[in-house]
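Structure first, commentary second.
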Amino acid sequence: MSSEITQISDEIINPGHGTSPAAWVANITVLIAFVVGALFFESGNGTGILIATVIAAVGVIVGIVLAKLGYGVRGPKYHAKGH
């Protein structure tokens, strides 16, 4: 039984979700946009909510662009660090 568990766990490949610079930049930008959007929503400022929505969209686009430039998980400019 133990050898089966080892064999199964050895086959699992860690794709590195969220460990690339592209993912960090996208997630932090979107997080900031949602916090700012929530504050504007609470104050009733519709223009601020739209600005926060645009910032969130830009964060997603920037993450995609950085990944295409090689800063994604499998990009040539990204080097995974060991734990």
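General observations
- Near pairs, Cβ below 8 angstrom, 6+ apart or cross-chain, from region 60-78 (under 19 Å from A33 (Cα atoms)) to any residue that is of a type in the set (V, I, T) and surrounded by 16 or more Cβ atoms within 10 Å (Cβ to Cβ): V60/V30; V62/V25; V62/T29; G63/V25; G63/T29; L66/V25
- Residue tally, condition surrounded by fewer than 13 Cβ atoms within 10 Å (Cβ to Cβ) and in contact with a helix residue (DSSP H, G or I) (Cβ under 6 Å, 6 or more places away or on another chain), over region 50-83: 2
- The single condition among (1) at pLDDT 90 or above; (2) surrounded by fewer than 11 Cβ atoms within 10 Å (Cβ to Cβ) that D10 does not meet is (1).
- Hey, T47 surrounded by fewer than 14 Cβ atoms within 10 Å (Cβ to Cβ), assigned to a helix (DSSP H, G or I) and among the polar types (S, T, N, Q) or not: yes
- Scan region 29-44 for residues that are among the aliphatic types (A, V, I, L, M) and either modelled with pLDDT under 95 or surrounded by fewer than 14 Cβ atoms within 10 Å (Cβ to Cβ) (or both) and the total you get is 4.
- Pairs linking a residue in region 19-36 that is touching a residue at least 40 places away in the same chain (Cβ under 8 Å) to a residue that is of a type in the set (G, A, S) and not in a helix (DSSP H, G or I), with Cβ atoms under 8 Å and 6 or more positions apart or on different chains, are T19/A80; S20/G72; S20/G75; A22/G72; A22/G75; A23/G72.
The values are calculated or read from the model by the stated rules, or taken from the named source; none is laboratory data. Not measured: the values here are computed from a predicted model. Quick reminder, even Gly has a Cβ in these numbers, built from the backbone with ideal geometry, and neighbours come from all protein chains shown.
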